[in-house]
Amino acid sequence: MSQENIELHYRAYDAFNRRDRGAFLALMDDDVEAESVLVAVEGRIRGHEGIRRMWENLLNVWPDLTAEAVEVRDLGDVTLVDLRLHGRGAGSAFPTEERLWVVGRWRCGKCVSWSDFATEAEALEGAGLAE
């Protein structure tokens with residue numbers, strides 16, 4: 001099942017980069033919960049409606065934002081992603097590049113939660129896997 005979770009995580013970023021919200025939402029549990037440092041002002045994101053709002057907010061700020069999963073690690077029902085984001089600001093065209101570490105939890109082929117972290121150590125701690 002864990003290799004499947006890795007593939008699902010790659011599919012989620014592919015759907016995001018193609019702006020295929022339907023395909024992205026199909027990978028999310030109906031009650032998915034997420035916390036993103038990119039839209040931290042919103043707090044915890046819940047359900048498909050929260051995901052839709054997150055997409056709108058991200059793409060209003062960075063219309064050409066793309067996500068590159070450099071590496072996706074299998075940690076059982078959890079995936080750990082080394083993620084690079086690239087985009088340009090809507091108002092300024094100023095380029096941005098961000099590196100995030102993403103922890104995703106999967107159940108029955110759906111993402112039930114994910115959280116973004118600034119460092120790998122924080123992500124491992126957030127996943128309850130810190131040494």
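The values are calculated or read from the model by the stated rules, or taken from the named source; none is laboratory data. Since this is a predicted model, take the numbers as computed values, not measurements. Don't worry about glycine lacking a Cβ; one is built from the backbone with ideal geometry, like all the others, and counts go over all protein chains shown. Surface areas here come from the heavy atoms of the whole protein model, side chains and all, with no ligands, DNA or RNA. Shrake-Rupley method; radii C 1.70, N 1.55, O 1.52, S 1.80 Å.
Of note:
- Odd one out for HIS48, checked against (1) modelled with pLDDT under 95; (2) not in a strand (DSSP E or B): (1)
- Taking residues in the range 46-63 that are over 13 Å from PHE24 (Cβ atoms), and partners anywhere that are charged (D, E, K, R) and open to solvent by 70 Å² or more (accessible area, probe 1.4 Å), the pairs with Cβ atoms closer than 9 Å and at least 6 places apart or on different chains are ARG46/ASP31; GLY47/ASP30; GLY47/ASP31; TRP62/ARG88; PRO63/ARG88.
- The range 109-118, residues that are within 24 Å of ASP30 (Cα to Cα) and open to solvent by 40 Å² or more (accessible area, probe 1.4 Å): LYS110, PHE117
- Qualifying residue in the range 119-128 (condition: surrounded by fewer than 19 Cβ atoms within 10 Å (Cβ to Cβ), β-branched (Val, Ile, Thr), in contact with a strand residue (DSSP E or B) (Cβ under 7 Å, 6 or more places away or on another chain) and more than 17 Å from ALA12 (Cβ to Cβ)): yes
- Selection over the range 80-131 of residues that are of a type in the set (A, V, I, L, M), over 22 Å from GLU56 (Cβ atoms) and in contact (Cβ under 8 Å) with a residue 40 or more places away in the chain gives a count of 8.
- Complete set of residues in the range 68-82 that are of a type in the set (A, V, I, L, M), open to solvent by 10 Å² or more (accessible area, probe 1.4 Å) and in a strand (DSSP E or B): ALA69, VAL70, VAL72
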